[in-house]
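Chemist: Supplied in structure tokens, the structure appears directly below.
What follows is calculated from the coordinates using simple rules that are stated; it is not laboratory data. Only a predicted model underlies this, so the values are computations on that prediction, with no experimental measurement involved. Positions of Cβ are backbone-derived with ideal geometry, glycine not excepted, and every protein chain shown enters the neighbour counts.
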Amino acid sequence: MLNYIRDTIMAPSTRSSTSAKSSSSKQTATEEGSNSSKAIPTSPMRGYKITDNERTRKYGIGANSLEVLLTKANNKFPLQDLHLYLASDGFEVSDDEYLNSLPAQTLFIVAGPDAVITTDADFEFEKMRQQSPLLKVADIFYDFIEQHPEKFRRMISDYEHQKQRLVLDNSKAHLSLKDEHVEWFEGGEERFHSKEEAMAVRAQTRVRGYYYKAKEELTRNQLYRQNAKARQVINAVLEQFRYLLIGCDYFSMMFNRKCGQKHSFLQQQRQTGEEEPDAGSLPSKRLRQLIKEYTKQHSILDDWSVSLCTDLGDFYCQGAYSDNGNCCSLQHTINPYASRENLILFQVWNLDHQIELCRTILPALVANVEELVSKPQLKCALHNKRVVDISVLEYFLEIFSLKNLKLVHIVCHDKVQRSNHSNGRLLCPDCHEYRIVQELMDLQKASQTTS
């Protein structure tokens, strides 16, 4: 993904250049021009590019001020209240000072003041999603689920019962390579060499989806749009999330049966008699390796970097939220490694946020950011020192990790409002969590120094 952190000055500034009223009206035109040029230096004309949020058209424009750029942009894309945003990260450009800090040929998006900006990275991902047969199938699945939830649950339950009666052939579940089980890779997995590789990417795709969802919700929030300090904090949080995701390889091990570390709830399944037989601009390859080495060395995410399946590839439903445990009363199970049919069905098994993402976690994060920027004298509850940041690591674990995610069959995915709350809080420099995240982010500076 693209680099989402960029210090910006978003508060509009108005510059007025008034002629000195004390000047004599009989001064020559030459003298007036000389005085005017001293008061307001003229910026050189530079070329920029503009487009709309849907990328329907693109124009090149020359301008030497924000006012000129806005006027020419409005001629190309007439809007009642036109604003300019960076295509790279969605930041609004609101004054000449920031405009002059940008390189020539910068691409801007023209849109209204309340528009949700589609950045270049988001636009490319959406284009890829539209072109991918596999992702189109997923869209159809979820559209049908939203429109006919009860009917879909009955269909899935009927199929499960039918599967039990027919005892589908699992004789190829142990096979791994494409050459050994060709039909498993047809229709979307052709580029992979092994089942484990394909399943790892599927896990990463789900986790990336949570990142895009969190980014969308946070950057469309009113606090983000109206408060420059809050915007800077939220962008920093998104960048820290990205570094932590790189460190754990976007939790690719969740669906990978060859991962040696297994989720603790699998022990419960074995005891019941069950048998078991990988956008801002990307960091450099060296920096990504440093991040992974750091997270591994300090065991930051080890407890949650585990697989949810047995060595053969059996996944077990961890039960509905109302079950308050890791056991499914209906004993749902599936092995997507066994057949192409099972792999497709596995798409409707959900990772359920126990603490809800949009109703609880993200609103709590925004509330903490608001406190951080509006009440700078607040003290940390643990060390009684002035707070300097929010608990990025705790929010990260709640959004992306198995600390808060449970794998559930669609029938066991409770769509009810929950009473639990986020554990995120404000941190001071003495908080261990703060130091860990800061050291991780310092890797970027160290990498740039040695490169």
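Chemist: Hey, could you get me the Stokes-Einstein D for region 308-451, Kirkwood radius over alpha-carbon pairs, 20 °C and 1.002 mPa s, rounded to whole µm² s⁻¹?
Modeler: 119
Chemist: Report the Cα-based extents of region 42-132 along its three principal axes, largest first, to the nearest Å.
Modeler: Here the spans come out as 49, 27, 20 Å, largest first.
Chemist: How much of the pair distance distribution for region 284-386 lies past 25 Å, counting alpha-carbon pairs only, in percent?
Modeler: 56
Chemist: Next question, about the same structure. Can you pull out the trypsin sites (Lys or Arg not before Pro) in region 164-239 that DSSP calls coil and that have at most 12 other Cβ atoms within 10 Å?
Modeler: ARG191
Chemist: Something else now. Per the Kirkwood formula on distinct C-alpha pairs, the Rh of region 180-244 is how many angstrom?
Modeler: 14.4
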